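Input: a single structure, listed below in structure tokens.
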Amino acid sequence: MTPAELAFVADLVRHHAGVVLRADKAFFIETRLGPVARREKVPGVPALLDQLRQHPDPVLTRQVVEATLMQDTSFFRDRAVFTRIGEAVLPSLAARRGHSPVRVLVAGCATGQEAYSIAMLATDLAVPAGIEIVAVDFGSLPLEKARTGLYTHFEVQRGLPIRRLLAHFDKIDENWRVHAELRQMIAWVEQNLLDDLTPLGTFDLVLCRNVLGSLTPEAEARVLASLEAVCRPDATLVVGAQETPRLSATFTGTGHPGIWQHGPSRHPAAPGRPVPVPARTRT
Amino acid sequence: MNRVRTCLVVDDSRVMRKVAIRIVEQLDFEGIEAGDGLEALTYCRAAMPDAILLDWSMPVMDGMEFLRRLRAEPDGTRPVVVFCSAESRPDRIRLAIDHGAAEYIMKPFDGDIIASKFEAVGLI
């Protein structure tokens, strides 16, 4: 991919999704755009980009942006975060909600592994009024896959303990499909995170992991503001364990990397300051 | 403690053993090989490994029989056993777990899968 082609794709994703594309992603973008070029029946990625430059078709533009931004994800990615959600966050939300369902938003759900991981944790707990998961992504192709709940031999072996595979999936030929019971817990929504999220309602738990770090400062501010707008007063917000978003003073650190508590800002002198976290120890 | 931890790779395919050994060595284990369950049991009686990557279908003694005998040995409950087999029928996998395997890898596998499973059982 030439620097000019890369710059063209970078402009598209910055403009349409607020994402900053790194120059070292050139190879990876070419691999992602190959299938789009084949679908369009043009000979290769350079020809695809040429066509788009000459005829800026909105559907094709969207496909190129979507393919470029496709996220690699896995079940229970960053195990410690899910352990904390399963052992502390969800049980406490369930107790506080009582007779109304716990609502979870997965912003940037890609192919669905994160939303299904939450659904699996929820089935371990007796949430009296149940749990409603809304999973949002920009891409229609990843969402289509997420909706089917069908994963390959390789995907179900990354991060997913074998006992959970046996408990929640059926084997279909060489693939594995999430049980209907879990699929029914999740509503999949095709939407740009830069657009207003409030029509989706408000949430007790909001996950937006490994999305914010790639955004332009303006896009990050916009996404954070719309996430905050859908956070209930006592909601928990989960970002990537390595991410340090510029959150408003209504969020306080919990001592667990990436996990933030929403609430009235009681300490205006120290807004949103995270609690110091001990260095991660490995055995 | 700085003792190098050992992982015994039990598989009747020499190629499969080489691939697995290379992966576990990247995860900082010392890799040892055995071609069937009996050979593996002999090794374990001399020096109990920390982890065992265990094929199911093998000549002489299969993986399930080996696991049953291993658990009856002194200190035989200590190694973390991860099955690694082409068998992918859910009822068969459940059988392996019920017999005391901590995790189960379906072949074909890659380094990411072994790392993910070793992490799941606390080996890394």
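In the range A:1-43, what residues are over 24 Å from the mean Cα position of the chain (by Cα) and basic (K, R)? Selection gives A:R38, A:R39, A:K41.
Residue count for the range A:26-54 satisfying the condition of being within 17 Å of A:M70 (Cβ to Cβ), among the basic types (K, R) and surrounded by fewer than 16 Cβ atoms within 10 Å (Cβ to Cβ): 2.
Residue by residue, here is whether (1) among the β-branched types (V, I, T); (2) touching a Cys at 6+ places or on another chain (Cβ under 6 Å); (3) modelled with pLDDT under 95 holds:
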position	(1), (2), (3)
A:I133	yes, no, no
A:I162	yes, no, no
A:F169	no, no, no
A:E174	no, no, yes
A:I186	yes, no, no
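All conditions in (1) touching a residue at least 40 places away in the same chain (Cβ under 8 Å); (2) among the aliphatic types (A, V, I, L, M); (3) in contact with a Cys (Cβ under 8 Å, 6 or more places away or on another chain) hold for A:V239, with the sole exception of (1).
If you check B:A115, B:A120, which single one turns out to be in contact with a Pro (Cβ under 7 Å, 6 or more places away or on another chain) and either under 18 Å from A:G159 (Cα atoms) or at the interface with another protein chain (Cβ under 9 Å from one of its Cβ atoms) (or both)? Give the derivation first.
Numbers: B:A115 fails: in contact with a Pro (Cβ under 7 Å, 6 or more places away or on another chain).
Only one candidate passes the filter, namely B:A120.
Against the list (1) crowded, with 20+ Cβ neighbours inside 10 Å; (2) not assigned by TED's automatic domain parsing to the domain that holds A:V19, the condition A:V64 fails is (2). For the range A:120-131, the criterion of a residue being over 20 Å from A:R84 (Cβ atoms) and at pLDDT 95 or above is satisfied by no position. Scanning the range A:27-46 for residues that are farther than 17 Å from A:A10 by Cα and part of a helix (DSSP H, G or I) yields A:P35, A:A37, A:R38, A:R39. Of the numbered criteria (1) within 14 Å of chain B (Cβ to nearest Cβ); (2) in contact with a Gly (Cβ under 7 Å, 6 or more places away or on another chain), the one A:N210 fails is (1).
For the range B:38-66: of the residues being closer than 15 Å to B:G100 by Cα and either aromatic (F, W, Y) or without any contact (Cβ under 8 Å) to a residue 24 or more places away in the chain (or both), which is surrounded by the fewest Cβ atoms within 10 Å (Cβ to Cβ)? It comes out as B:W56.
Residues of the range B:73-81 include at least one that is within 14 Å of another protein chain (Cβ to nearest Cβ), among the β-branched types (V, I, T) and surrounded by 23 or more Cβ atoms within 10 Å (Cβ to Cβ). For A:H15, state whether it is surrounded by fewer than 19 Cβ atoms within 10 Å (Cβ to Cβ) and in a helix (DSSP H, G or I). In short, yes. Residue count for the range B:1-22 satisfying the condition of being under 16 Å from B:S85 (Cα atoms) and not in a loop (DSSP other than H, G, I, E, B): 11.
Restricting the range A:57-77 to residues that are modelled with pLDDT of 90 or more, of a type outside the set (S, T, N, Q) and in a loop (DSSP other than H, G, I, E, B), the residue that is farthest from A:Q261 (Cα to Cα) is A:D57.
Of the helices (runs of 4 or more DSSP H) that lie entirely inside the range B:44-120, those containing 1 or more residues that are among the β-branched types (V, I, T) span B:90-98, B:111-120. With a requirement of 1 or more residues that are modelled with pLDDT of 95 or more and surrounded by 14 or more Cβ atoms within 10 Å (Cβ to Cβ), the strands (runs of 3 or more DSSP E) lying completely within the range A:191-283 that satisfy it span A:203-208, A:231-239, A:259-262. Is there a residue being in contact with a Leu (Cβ under 8 Å, 6 or more places away or on another chain) and under 23 Å from A:H153 (Cα atoms) anywhere in the range B:57-72? Yes, the range B:57-72 contains at least one residue that is in contact with a Leu (Cβ under 8 Å, 6 or more places away or on another chain) and under 23 Å from A:H153 (Cα atoms).
Counting only residues that are within 10 Å of chain B (Cβ to nearest Cβ) and without any contact (Cβ under 8 Å) to a residue 40 or more places away in the chain, give me the strands (runs of 3 or more DSSP E) lying completely in the range A:114-188 with at least 3 of them. Here the list reads A:169-172. Can you say whether A:A47 is free of Cβ contacts under 8 Å to residues at least 12 places away in the same chain and closer than 24 Å to A:L21 by Cα, as far as the supplied structure shows? The answer is yes for A:A47.
The values are calculated or read from the model by the stated rules, or taken from the named source; none is laboratory data. Everything numeric in this text was worked out from a predicted model, so none of it was measured. In this analysis, Cβ positions are derived from the backbone assuming ideal geometry, glycine residues included, and neighbour counts consider all displayed protein chains.
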